[in-house]
Amino acid sequence: MPGVKAPRWPVWIILVAMTALVSIPLPDFVTPVRPPWATMAIIYWIMMWPRVFGLGTAWLIGLLLDILQGALLGQHALALTVVGYLTLRFHLQIRIFPLWQLTMTIFALLAIEAFILFWIDGVAGNPPAGVARWTQVLAGAIVWPPVMALMDRARERIEHRDPTFT
Amino acid sequence: MAFSTFDSDQRAFREPNPGPRLVVICILSIALMVTDNRNQTLQTVRSMLGTAVYPIRVLIDAPATFGRWLSESFSTRATLLDENLELNERILVQSARLQRLAALEAENARLRALLESTAKIGDRVLIAEIMSVDMNPFRHRIVINKGSSDDVYVGQALIDAQGIIGQVTRDQVYSAEALLITDVDHALPVELLRNRLRTIAVGTGDLGRLSLPYLPRNADVVEGDLLVTSGLGGTFPPGYPVGSVSKITRNSGQQFLVIDATPAAALNRIREVLLIWAEPTGVAPPADARSDAENLSETATGGID
């Protein structure tokens, strides 16, 4: 299996770093335009390495997000797993989409995630997050093309790395 | 580009079926959420997990800490001297006030002794720093750099120089998470300093505003009234300033007043907080606190004799 050759730890570092981005302190007015970095990273890597990263990865990253944000334990984990499932299920289709179509798909996936989070907040009786949750989805879709370009470069470097160095 | 992924082709027809996994993980997540929401059994698990992410939080906090260190080390002698002078002056003023406080405290202890009710003396405090880490951006939560290794406990009150800030909601070993009084989930038992009218101050989700929704229309409250903690509920020690009434709206159709209050503490500008250990009321104060009180009452009565 080719996935064995490429090292995985750089990807884990990328995933955890993207997750940690939610904790970077920023002024309040930036909140509505903070993209959901962790979800975007998960979607990208499940789409590109579906045999290496799957639902387990999505769940773990979601759990990390829950702990960092002090959310209900399992809230982001569930939302990210569902998004991961959809990505895994359709990864062959969405991988060959042209960029604009892919961005639309990302928008839909992020919206599904936001809806699940919103729904769980409602059921658990947590105060709703308001409009910011939905503008964040839009922000995520807008920054997807550059983020994907960066991730592509990172992936190429990781895949073409000399395996003896791992 | 899309085709060039190294693992896409040869196994494309042997797709793993993620369906059963999804079901298992969903059930697991929902069970986790229900347990976490309903009861406190996950408290220890949470504090362990929270301790595990502590390194990530330290890393995120590092640039801010470094920046502060940098600005401290490059500040000029003149600025430092100015600051020193100002702080010295402030100490002088404060200690002058404190002299009076000692006498008052002693008097209070004596009066309480006459009434045979136990006095609550000697709140222990510890300074903690707020880490530059964002929690949920939709909620008013902070992370402080003291945890259960410093005896921080869940429900502990946080204050700063101006007033009540919030309470600890989760303790981890080296850090703790706290809820600010302005969070929409937070309610705080308060009383008006002027007439000891008790009510509850509820957070609004706005850092500069609290709401007092439970005062009837004939309540004696005016703009500018000071709110202090009433000590009811046992979480917050009584007598700490909370804020002041800023706006009162009397709607003739409604049973209750719509009252806004401004928190005394500058919640969006705090850097350091004080953790308070309150002696629970009804329990005799420890020996050293009592002897302190006796010393104080001796010094206070000494002048009269």
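The values are calculated or read from the model by the stated rules, or taken from the named source; none is laboratory data. Predicted, not measured: the structure shown is a model, and the values here were computed from it. In this analysis, Cβ positions are derived from the backbone assuming ideal geometry, glycine residues included, and neighbour counts consider all displayed protein chains. These accessible areas exclude ligands, DNA and RNA; they are computed on the full protein's heavy atoms, side chains included. Shrake-Rupley method; radii C 1.70, N 1.55, O 1.52, S 1.80 Å.
In Å², nearest 100, what accessible area do chains B and A bury in total when the solvent probe is 1.4 Å?
Chains B and A together bury approximately 4400 Å².
Hey, rough spin-label estimate for B:Ile27 and A:Ala111, points 7 angstrom out along Cα→Cβ, what's it come to in nanometres?
Distance between the two pseudo-spin positions: 3.2 nm.
I need the shape label for the protein assembly as shown. Rule: rounded when a/c is under 1.5, else prolate if a/b > b/c, else oblate, with a, b, c from the alpha carbon gyration tensor.
prolate
Calculate, for region B:53-119, the solvent-accessible area per residue in square angstrom, rolling a 1.4 angstrom probe over the heavy atoms of the protein chains.
Normalised by residue count, the accessible surface of region B:53-119 is 82 Å².
If you average 1/r over every pair of different alpha-carbon atoms in region B:151-200 and take one over that average, what Kirkwood value in Å do you get?
12.2 Å
Averaged across A:13-22, how many Cβ atoms of other chains sit within 10 Å of each residue's Cβ atom?
What the average comes to for A:13-22 is 2.
Given C-alpha coordinates of region A:1-97, what is the ratio Rg to Rh with the Kirkwood estimate of Rh?
Rg/Rh for region A:1-97 comes to 1.00.
With a bin width of 5 angstrom, please list the P(r) values of region A:83-166 as percents of all Cα-Cα pairs, from the 0 bin to the one holding the largest distance.
3, 13, 17, 19, 16, 12, 10, 6, 3, 2, 0
Cα-based Rg (one decimal) and Dmax (whole number) for region B:53-119, in Å?
22.0, 57
Looking at region B:41-133, which GluC sites (Glu not before Pro) are DSSP coil and have at most 10 other C-beta atoms within 10 Å of their C-beta?
Sparse-neighbourhood loop GluC sites (Glu not before Pro): B:Glu116.
Between B:Val45 and B:Ser73, what is the label-point separation in nm under the 7 Å Cα-to-beta-carbon projection?
Placing both labels 7 Å along Cα→Cβ, they lie 4.4 nm apart.
Students sometimes get this wrong: rank B:Met48, A:Met151 by accessible area, probe 1.4 Å, all chains present, largest first.
Descending order: B:Met48, A:Met151.
Which value in deg cm²/dmol, rounded to the nearest 500, describes the helix-derived mean residue ellipticity at 222 nm for the protein assembly as shown, given -39,500 (n - 2.57) per DSSP H run of n ≥ 4 and division by the residue count?
-16000 deg cm²/dmol
Quantify, in whole percent, the carbon and sulfur part of the accessible surface of the protein assembly as shown (1.4 Å probe; protein heavy atoms only).
Roughly 62 percent of what the probe reaches on the protein assembly as shown is carbon or sulfur.
Using the C-alpha atoms of chain A, what convex hull volume per residue, in cubic angstrom, is computed?
113 Å³
Using a basic spin-label model with each label point 7 Å from the Cα along Cα→Cβ, how many nm lie between B:Phe66 and B:Arg271?
Once both label points are built, they end up 1.8 nm from each other.
Strictly greater than 18 Å: what percent of every Cα pair in region B:29-150 meets that?
That tail contains 76 percent of the Cα-Cα pairs.
Give me the number: length gained by fully extending B:Arg217 to B:Glu83, i.e. 0.36 nm times residue separation minus the C-alpha to C-alpha distance, one decimal in nm.
43.4 nm
Around A:Gly84, with a cut-off of 11 angstrom between Cβ atoms, what is the net charge of the other residues, counting Lys and Arg +1 and Asp and Glu -1?
Net charge in that neighbourhood comes out at +1.
Compactness ratio of region B:125-171: Cα Rg over 2.2 N^0.38 Å, N = residue count?
Compactness ratio reported: 1.12.
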